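Enquirer: First the structure, then my questions, so here it is.
The values are calculated or read from the model by the stated rules, or taken from the named source; none is laboratory data. Keep in mind the model is a prediction, meaning the values are calculated, not measured. Cβ: placed from backbone, ideal geometry, glycine included. Neighbour counts: every protein chain shown.
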Amino acid sequence: MKLSEKKMKRKKEQILRSAIKVVNNKGYVKATMEEIAAELLMTKGSLYYYFKNKSDLIFQCHRFILSDAVKDLETVLKHGEGSTSEILQQMVAIHIDYAVDEKDTFNLIMEPKNLFNNEQIDLVLNLRKQYENLFDQIIKRGIETGEFKTRDQTIARMIILGAMNWIQQWYSPAGRLSKEELVETYTDYILKILK
């Protein structure tokens, strides 16, 4: 990769991180290109050099976050230590971290059809399938080792991810549960579903 390409890639990543910060603070609808540009001390016009429009920028933010989440889960699944239950707990912690810390950007996974064009939707859905598949793999591993006993691993995975995705609707860092307590509580209930 040429130096100019590296610089452009680094600048795009800087823009995405700033855009993610603005979206997480304001929400998708209220976040504006002006605010994202101001966060970077750029002009709004400069953003259009890197992204076609707000929809393209937000799509790239979502893809960036979801790709990071997939990488983090893959790392734990391949290199995590401990029992299948312990690896699953690490995966639950990763999901909850993204669901809480990247709430609005990560939440775009729920209804991509409302925001993205067909090509973008295909990319998002493929990433989402990769993400789901990682949870399928840990459930399958648990079944093969005899640690889990579920009749339908697809339904189990849908229940697990559905329950964890709902956290975004009610969780508050100022609430009665810390993120760590939330991970422990969710893991306890998830393991009851699987055993």
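Enquirer: I'd like the full set of residues that are surrounded by fewer than 20 Cβ atoms within 10 Å (Cβ to Cβ) and at pLDDT below 90, limited to region 81-106.
Expert: VAL100, ASP101, LYS103
Enquirer: Something else now. Please return the ranges of helices (runs of 4 or more DSSP H) entirely within region 41-103 where 1 or more residues are within 12 Å of the chain's Cα centre (by Cα). Quick ask: steps written out before the conclusion?
Expert: On the way: elements: 44-50, 54-79, 84-101.
Fully inside region 41-103 and qualifying: 54-79, 84-101.
Enquirer: If I go through region 140-164 residue by residue, how many of them are assigned to a helix (DSSP H, G or I) and either free of Cβ contacts under 8 Å to residues at least 24 places away in the same chain or of a type outside the set (Lys, Arg) (or both)?
Expert: So in region 140-164, the residues assigned to a helix (DSSP H, G or I) come out as 140-145, 153-164.
Now drop any that are not either free of Cβ contacts under 8 Å to residues at least 24 places away in the same chain or of a type outside the set (Lys, Arg) (or both), which leaves 140, 142-145, 153-156, 158-164.
Matching residues across region 140-164 total 16.
Enquirer: State which residue pairs qualify: first residue assigned to a helix (DSSP H, G or I) and inside region 165-192, second residue acidic (Asp, Glu) and modelled with pLDDT of 90 or more in any location, beta carbons under 9 Å apart, and separation of 6 or more residues or different chains.
Expert: Final answer for the pair search is LYS179/ASP97; VAL183/ASP97.
Enquirer: I need every pair where a residue in region 109-120 that is assigned by TED's automatic domain parsing to the domain that holds PHE64 and surrounded by 10 or more Cβ atoms within 10 Å (Cβ to Cβ) has its Cβ under 8 Å from the Cβ of a residue that is modelled with pLDDT under 65 and outside any loop (DSSP other than H, G, I, E, B), sequence separation at least 6 or different chains.
Expert: So the pair list comes out as GLN120/PRO112.
Enquirer: Separate question: Please determine, by comparing only the residues of region 19-72 that are hydroxyl-bearing (Ser, Thr, Tyr) and modelled with pLDDT of 85 or more, which one is nearest to GLN120 (Cα to Cα).
Expert: Here the residue is SER67.
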